[in-house]
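Laboratory data are not the source of any read-out in this text; all were calculated from the coordinates shown. Source: prediction; values computed, not measured. Cβ: placed from backbone, ideal geometry, glycine included. Neighbour counts: every protein chain shown.
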Amino acid sequence: MKNSWIHLAKGQTPRQAHVAVPKGLKEEEIGRGGFQGRVANVYRLNEPTGWVRVEGEFAPGDVDGEQIRPADEREASGAPTRLWHNDDLVVSVSRRSAPMPFYYRDADADLLYFVHRGEGAVETEFGPLEFRPGDYIVLPKGVTHRLAPITRDNYFLVLESHAEISFVEHTTLGRHNPFDPDIITTPEPKAYDGDGRAEYEVRVRRAGRITSFFYARHPFDVVGWKGDLFPFRFHNTDFRPVIADRNHVPPSAFGLFRADGWVLCNFVPAPFQRDREASRLPYYHRNMDYDEIGFLHAGSVAGVAMEGTTIMWHPRGAVHGPGEETRKMADQFWQEIGMNDIEAVNIDCVRPLVMAPEAMAAKRDHVQLTSGKK
């Protein structure tokens, strides 16, 4: 994608976008290509998220993740609950409270588990990968595995990608920023003896349907592996973000995983800008080529710890960004609040997402959601 260097400015604008915005004006960005393409910054008299109601099929808002109760929370053989999907990606929630009584191989998609709550291991034929909150577990298509938590209160964000998952390349930063490739954890081979059961079930998904293969011996009998296709673990705080003291860094700088049709940004604690003229909070924006899902999983807002689980939903075409009350508070406590410690998984999808009824039913109060004054 080539940048256009023909830029125009009309009326009341700052010389530098996101810096020294004229007092009383609200800056909104209309962007193409996920902050990589052409852009317009418009300066409004009123808050662009200040609607009084929304009518239609894709009203933005927050989903209360604690209301999502998948079948795998109640039944060991149960499945996660699908929340959004398109032809490239399925986003689900698992709250598995007991180890899988079966083994699973996906022939349709690469899998990515993000651990919000819980501890245990993802057992794979390559060896086990222990997990804790904040871990990403990436399982390439075809890798047989078993999710085995040792805790009861567990919460996983699950992505099924029809294209191969890879890392976002930050080519201008060198090979060791924002993370060193050596930081990922790969499994050590471990041949399992079995637990005495008469047979072991391996469920294989192909074209959305399950076929079960039964073995007399444990399916994880691998004593060695090599190659460049393997499962791995990455902890969210091993990502060291690029920061700037005098300018707001866009979400694309936090890119971690990608595949054809979507990108995942990993937001972790970082210092706020100290330049008094620089925007500290994300500017109002319309990301016109992506639907966005934001999974808030740790941190605080103005020193108050976040509770529960919030999943933000921002379809393309709708303006989003912190409301004016939040911006006034950030300005009022400029000196006192020096860190933005919110941790989030942000997923941007090229194709429009379909919102499942389970997600729609868990949306919080629509007046609160649509007012922009969170």
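Ignoring aspartates and glutamates fewer than eight residues from Lys23 along the same chain, the ones with Cα atoms less than 19 angstrom from its Cα are Glu47, Asp275, Glu277, Glu324, Glu325, Asp331. At the listed q of 0.08, 0.19 Å⁻¹, the Debye profile of region 73-236, built from one uniform point per Cα, gives log10 I(q)/I(0) equal to -0.24, -1.40. What is the mean projected area of the alpha carbon convex hull for region 64-168, to one decimal in square nanometres? Over all viewing directions, region 64-168 projects a mean Cα-hull area of 6.5 nm².
Report, for the chain, the % of DSSP beta bridges that are antiparallel, rounded to 5.
90 percent
Only one item in [x] 87, 55, 38; [y] 67, 54, 35; [z] 76, 45, 39 matches Cα extents along the principal axes in Å derived from the coordinates shown, and that item is [z].
Going by average Cβ density within 10 Å per residue, which order do the peptides 42-49, 122-129 take, highest to lowest?
122-129, 42-49
Highest average first, the peptides 152-160, 52-60 ordered by how many other beta carbon atoms sit within 10 Å of their residues are 152-160, 52-60.
Ordered by the count of other Cβ atoms within 10 Å of each Cβ, fewest first, Thr309, Thr171 give Thr171, Thr309.
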